[in-house]
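The values are calculated or read from the model by the stated rules, or taken from the named source; none is laboratory data. Since this is a predicted model, take the numbers as computed values, not measurements. Using ideal geometry, Cβ is built from the backbone for each residue, glycine included, and neighbour counts are taken over all protein chains shown. Side chains are part of the model used for accessible areas, which takes the heavy atoms of the whole protein and leaves out ligands, DNA and RNA. Shrake-Rupley method; radii C 1.70, N 1.55, O 1.52, S 1.80 Å.
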Amino acid sequence: MIVINKQRFFRYSVLSILSTALYLSTTHTTSAQQSPTNSQLLASLISQLPTPSSGNQIILNGHTLSAAWLQQRQTDGKVITHLSDGALRQLIGVDLLNTSNPELQPVEWFSSGTPTLNAKLLGGYRYLDISNFAYIAGWQIQANGNTLVISTPPAKINNIRQAKRPTGERLVVDLDRPTPWQVTQGQPIKRPDFNTPISQPPKLLNREWIITLDSTANKSLIQRYTPQPTLLPKKLKQLHSVISPEELIQKVQIVNNRTIISLSVPFGFAPQVSAIANPNRLVIDIQPDALVAKDITWAKGLRWQQKFINSGTDSFPVIWLEINPTVVGLSLKPIWANPETQTGVATLMQTAQRYLAVAGINGGYFNRKNKLPLGAIRRDNQWVSGPILNRGAIAWNDSGEYYFGRLTLNETLITSNNELLSILFLNSGYVQNGIARYTPLWGSTYTPLTDNEIILVVRKDQIINQLPGSKVSVTRIPIPQDGYLLSLRGTAATNTSKLPIGTKVSLTSTTTPADFSRYPHIIGAGPLLVQNRQIVLNAKAETFSDAFTAEQAVRSAICTTTTGSLIIAAVHNHAGGNSPTLAEHAQLMQVMGCVNALNLDGGSSTSLYLGGQLLDRSLNTAARVHNGIGIFINPR
């Protein structure tokens, strides 16, 4: 059980005993003989017992952090505290070990033992019972509204040691006792090169990684790693970093009773951190193969895996979720940043939590400037945004059936005079000459995306108005709830005379291939990577540029396997080197056993979410995205 402190624990125990005693005494009397004093005392005692509570914020040793938690009171008055597994892992440094049972989670934290914590799924999070774990570690815990206050025993750093290893470097932080720690990926570090003209940007060969410990260190240890002033000219100091990226430890500082160690790590390398006891220490190995293999059954039908997978001569870290669509209660849905409008971006974590998804991955492309979608989004048989450029897409239904292909939407406007006009774009931020259609799923209003558009207002299958669109982003035009708007751009404006006010119109809508029309949910991105177990990568067929095709970038994908499972995956830099090309990405998906696979938006957009945490990167390095694919566990 978890104890706030000994006095509080004693009070809970006494109250429990008194409550039981009072109950026994009253059950041995008749109604006429029951004492009002005893009843009032019992009610008073019960009112003092802790009330079950939950929240999404913790204060850890005085620092406010986002984390899901809940407390439950047992019948004997004892309080059981649960913390989400993501918070325990990312904010405290507790390692989650492999498990095939979603209700039991073995962990490791400054101990040679591996305690197993009870786990339960609730409201999009997997909560771990930390009561005994925290009690043994000497933590003090108290709920305060929606905030859980956690205090761990004060810890001190005795020394920081550094040594070379065959594959990198090792940093050892000697501690006097266990303490929470966090590791965060930072920004690229500029390498000064004084032989390069000042007009050219400095080379970016290293990345900052930050290790934060809830501990203090003496002044001499801090000064050992305090950057010294240089004799560089003032102008060069302003243009280049004055800290040499070759030094692993860039700086050590104490901020609000926490020790922050800033590291300079070469691209292709990463810190692998282990918390070890006897003696207590944090071991940080800088190595090219830092990803630790994991295989955790997170929920029934939902499995988190990660390991290095070979593609040719390179080995790439792949983190993925495997979903069994036949499990009752599991479902997939497209999600987007703002449910009220198609304008907007947010981190995948924010979007997943808004929709109460337990997991998810970033989806298709979008315009970062105007925050509008550039590809297919279809949910519950409604086109939220239409496809563009015959690009790859995945379609699915709620029965666990999937379809992959290159997708085109064919919409035709038919007038009462049998005039046929092609509608090229639907609820899309992709702007070209032609006719585009905007429905209430776009939002309550439409603001012209190009100059001099002609806007036709259609209600109940009749054109009721023609409006000049004026300048870009100037006039907001309401979209009727019982109709839509037509935007005539460029040469398409000549069709205005064919569509006078009062004209009756109808729509036809089909997809190519036609099979896409059978599925209620679609996400488009591209290029298509694998189809029927064969690599079918053809970026030019989907109008991607040569530069995009050859680029080495962090990547994400969605695929189906021979067993009928669905995989959503993130791939980062290979061991000691760069990120994969599209060709390498396709090979990886094939090696993983994908029958069909689609490339999703990548780079800084790549984000893999699970129960309150990003599995593949630090939250501060994840870009805001327009849409994604959410995994839901519906209560039975």
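Screening the candidates Ala163, Ala119, Ala87 for the property of being assigned to a strand (DSSP E or B) and at pLDDT 95 or above yields one hit, Ala119. Any chance region 269-276 includes a residue that's more than 26 Å from the chain's Cα centre (by Cα) and more than 30 Å from Leu330 (Cα to Cα)? Yes, region 269-276 has at least one match. Give me the pairs, please: first residue somewhere in region 384-396 and on the phi > 0 side of the Ramachandran plot, second residue anywhere and among the basic types (Lys, Arg) and assigned to a strand (DSSP E or B), beta-carbon distance under 8 Å, and either six or more positions apart or on two chains. Correct list of pairs: Asn390/Arg406.
The test for being modelled with pLDDT of 95 or more and touching a Ser or Thr at 6+ places or on another chain (Cβ under 9 Å) holds for Trp336. Within region 503-557, the set of residues being among the acidic types (Asp, Glu) and without any contact (Cβ under 8 Å) to a residue 24 or more places away in the chain comprises Asp546 only. The set of residues from region 453-491 being closer than 19 Å to Ile423 by Cβ and among the polar types (S, T, N, Q) comprises Gln462, Asn465, Gln466, Ser487, Thr491. Of all residues in region 111-122, at least one satisfies being more than 22 Å from Leu282 (Cα to Cα) and in contact (Cβ under 8 Å) with a residue 60 or more places away in the chain. Would you pick out the residues in region 489-503 that are charged (D, E, K, R) and part of a helix (DSSP H, G or I)? Matches in region 489-503: Lys498 only.
The residues listed here are Gln250, Gln228; of these, the one that is modelled with pLDDT under 95 and part of a strand (DSSP E or B) is Gln250. If you go through region 177-190 one residue at a time, how many are at pLDDT 95 or above, open to solvent by 50 Å² or more (accessible area, probe 1.4 Å) and part of a strand (DSSP E or B)? Summing the residues that are at pLDDT 95 or above, open to solvent by 50 Å² or more (accessible area, probe 1.4 Å) and part of a strand (DSSP E or B) in region 177-190 gives 1. Scanning region 471-485 for residues that are over 17 Å from Thr496 (Cα atoms), open to solvent by less than 70 Å² (accessible area, probe 1.4 Å) and over 33 Å from the mean Cα position of the chain (by Cα) yields Val472, Thr475, Ile477, Pro480, Asp482, Gly483.
Checking the structure you have, find out if any residue of region 78-85 is among the β-branched types (Val, Ile, Thr), open to solvent by 10 Å² or more (accessible area, probe 1.4 Å) and out of contact with any Lys or Arg (no Cβ under 9 Å at 6 or more places or on another chain). There is no residue in region 78-85 that is among the β-branched types (Val, Ile, Thr), open to solvent by 10 Å² or more (accessible area, probe 1.4 Å) and out of contact with any Lys or Arg (no Cβ under 9 Å at 6 or more places or on another chain). Close Cβ contacts (under 6 Å, 6 or more residues apart or on different chains) running from residues in region 299-325 that are closer than 17 Å to Cys594 by Cα and touching a residue at least 24 places away in the same chain (Cβ under 8 Å) to residues that are open to solvent by 20 Å² or more (accessible area, probe 1.4 Å) and hydroxyl-bearing (Ser, Thr, Tyr) comprise Phe308/Ser315. Taking first residues from region 340-354 that are outside any helix (DSSP H, G or I) and partners that are open to solvent by 30 Å² or more (accessible area, probe 1.4 Å), the Cβ contacts under 7 Å between residues at least 6 apart in sequence or on separate chains come to Thr343/Lys371; Gly344/Asn338; Gly344/Lys371; Val345/Lys371; Val345/Arg624; Ala346/Arg624; Thr347/Leu619; Thr347/Arg624. Going by what's in this entry, would Lys369 be described as in a strand (DSSP E or B) and charged (D, E, K, R)? Against the criterion (in a strand (DSSP E or B) and charged (D, E, K, R)), Lys369 does not qualify. If you go through region 526-584 and keep only what is outside any loop (DSSP other than H, G, I, E, B) and of a type in the set (Asp, Glu), you end up with Glu542, Asp546, Glu584.
Quick one: would you say Asp193 is over 28 Å from Lys294 (Cβ atoms) and either surrounded by 15 or more Cβ atoms within 10 Å (Cβ to Cβ) or at pLDDT 95 or above (or both)? Considered against the rule, which asks whether it is over 28 Å from Lys294 (Cβ atoms) and either surrounded by 15 or more Cβ atoms within 10 Å (Cβ to Cβ) or at pLDDT 95 or above (or both), Asp193 comes out as no. State which residue is nearest to Asn599 (Cα to Cα) when the search covers only region 383-400 and only residues that are within 25 Å of the chain's Cα centre (by Cα) and surrounded by fewer than 18 Cβ atoms within 10 Å (Cβ to Cβ). Selected residue: Asn397. Within region 488-504, being within 13 Å of Pro468 (Cα to Cα) and among the basic types (Lys, Arg) holds for one residue alone: Arg489. A count restricted to region 146-169 and to residues that are in contact (Cβ under 8 Å) with a residue 60 or more places away in the chain, surrounded by fewer than 17 Cβ atoms within 10 Å (Cβ to Cβ) and over 28 Å from Thr64 (Cβ atoms) stands at 4. For region 109-140, filtering for residues that are within 28 Å of the chain's Cα centre (by Cα) and open to solvent by less than 50 Å² (accessible area, probe 1.4 Å) leaves 14. Scanning region 560-569 finds no residues that are closer than 19 Å to Gln187 by Cα, crowded, with 24+ Cβ neighbours inside 10 Å, among the hydroxyl-bearing types (Ser, Thr, Tyr) and modelled with pLDDT of 95 or more.
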